[in-house]
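Report on the structure given below.
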Amino acid sequence: GHCRLEERQIYTEVNMHYSFIKLYSNKLFLVLETSFLFILPLVVLKIYPSLYRLRTIAMIVALPYLILVMKTVGISRKKLGISLQNFLQSVRSLIFPSIICISIIFLTFRYFPSIFDIYTLNSMRNIVSITNPFLHVVFTYAIVSAPLQELLFRAFLTSRLELISQNKYFLIVYTSLIFMSIHLPLQNFFITVGALLLGIFWEINFIKYRNIVSISLSHALIGGFFVYNLLLIRG
């Protein structure tokens, strides 16, 4: 009797596992999921732009959903790229493009700072009224925000999309558009285009090397340098 009970339990767990895989492999469910997780928040932010200051908290709140999907469909830490495997190879391919991006940001802020004069941030002064921009960038952006973005919008989203298709172009386009969309509330053309291009660049690297640690470092450096300069000109 005890053996039969264990067999039933295993059978039930296997059935649930495949049921969840079937659900997350459904394209219609992906559309509904995207609408709820990404499009609806963008609509809310369009109406209440000041809520953008809660973006990091919103990402933290989304973590239980990430864990739920990981557990139910069997997405491993290795699949998410949370390891040192291929770390050095990934870093080598990221170094030069990252330096180029930082140089472009530096030159743009030096000679064309008005490009990044984001007027919509006037309704979010508590975001940019930072006493110490450097510490804010290090502890809020580099350590928390950038890794969270990469975990959610690169590592998890790619792994979740692979349940639908392994086509790398589909993965690159979808994840890059989502990554771009989370920057739309800033309502700045150059930031939006920059987010799209960086999203493509980082996604290609992730698909090739499957290491999210290296990409998070690149994101922290590039994004952190941008945020630091933005805080300085608005200070």
Contact order normalised by residue count of the chain, Cα under 8 Å, 6+ apart, percent: 33 percent
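For segment 27-91, with every protein chain kept in place, what is the accessible area per residue (1.4 Å probe, Å²)?
On the way: 4270 Å² over 65 residues.
Per-residue accessible area for segment 27-91 comes out at 66 Å².
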Compute the acute angle (0 to 90°) between the alpha-carbon long axis of helix 168-181 and the principal axis of greatest extent of the alpha-carbon atoms of the chain; round to the nearest 10°. 50 degrees
For the chain, using Cα atoms only, the Rg and Dmax in Å read 19.8, 78
In whole Hz, the Karplus estimates of ³J(HN,Hα) for segment 195-202 (6.51, -1.76, 1.60; θ = phi - 60°; x where Gly or Pro) are 5, 5, 5, 5, x, 5, 4, 5
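From the P(r) of segment 41-179, can you give the percent of Cα pairs sitting at distances over 19 Å?
Values: 6453 of 9591 pairs.
Summing the P(r) tail past 19 Å for segment 41-179 gives 67 percent.
Round to a whole number: what % of the accessible area of segment 53-194 belongs to carbon and sulfur, probe 1.4 Å?
Ligands and nucleic acids excluded, carbon and sulfur reach 70 percent.
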Under a plain spin-label model, where a point goes 7 Å from the Cα along Cα-to-Cβ, how far apart in nm are V31 and A62? 2.1 nm
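Do the sum for the chain: with -39,500 (n - 2.57) for every DSSP H run of n ≥ 4, divided by all residues, what is the mean residue ellipticity at 222 nm, to the nearest 500 deg cm²/dmol?
Numbers: 13 runs with 163 residues, N = 235.
Only helices count here, giving -22000 deg cm²/dmol.
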Placing each pseudo-label 7 Å from Cα in the direction of the beta carbon, I143 and I207 end up separated by a distance in nanometres of 3.5 nm
I need two numbers for segment 28-102: Rg to one decimal and Dmax as a whole number, Cα atoms only, in Å. 17.1, 43
With every protein chain present, what accessible area does F189 have (1.4 Å probe, heavy atoms only), rounded to the nearest 10 Å²? 140 Å²
Once you charge only the Cβ atoms, +1 for Lys and Arg and -1 for Asp and Glu, what is the size of the charge dipole of the chain about its Cα centre, to the nearest 20 debye? 120 debye
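Only Cα pairs under 8 Å and at least 6 apart count here; give the relative contact order of segment 18-153 as a rounded whole percent. If you can, show how the numbers build up before the last one.
Values: 35 pairs, mean separation 50.8, N = 136.
In percent, rounded to a whole number, it is 37.
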What net charge do the residues around N167 carry, taking every other residue with its C-beta under 14 Å from that of N167, with Lys and Arg at +1 and Asp and Glu at -1? 0
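Largest first, how would L84, L28 line up by accessible area (1.4 Å probe)?
Working: L84 135, L28 115 Å².
These residues rank, largest area first, as L84, L28.
For a Förster distance of 41 Å, can you work out the FRET efficiency between the beta-carbons of F87 and F112, rounded to the nearest 0.05?
The computed FRET efficiency comes out at 0.70.
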Using a ≥ b ≥ c from the Cα gyration tensor of segment 190-232 (square roots of the eigenvalues), is it rounded, prolate or oblate, where a/c under 1.5 gives rounded and otherwise the larger of a/b and b/c decides, a/b for prolate? oblate
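If V61, V91, V43, V73 are ordered by their accessible area, calculated over protein heavy atoms with a 1.4 Å probe, which sequence runs from highest to lowest?
From most exposed to least exposed: V61, V43, V91, V73.
The values are calculated or read from the model by the stated rules, or taken from the named source; none is laboratory data. Just so it is clear, the model here is predicted, and its values are computed rather than measured. With ideal geometry, Cβ positions are generated from the backbone for all residues, glycine too; neighbour counts draw on all protein chains shown. Calculation scope for accessible area: heavy atoms of the full protein, side chains included, ligands and nucleic acids excluded. Shrake-Rupley method; radii C 1.70, N 1.55, O 1.52, S 1.80 Å.
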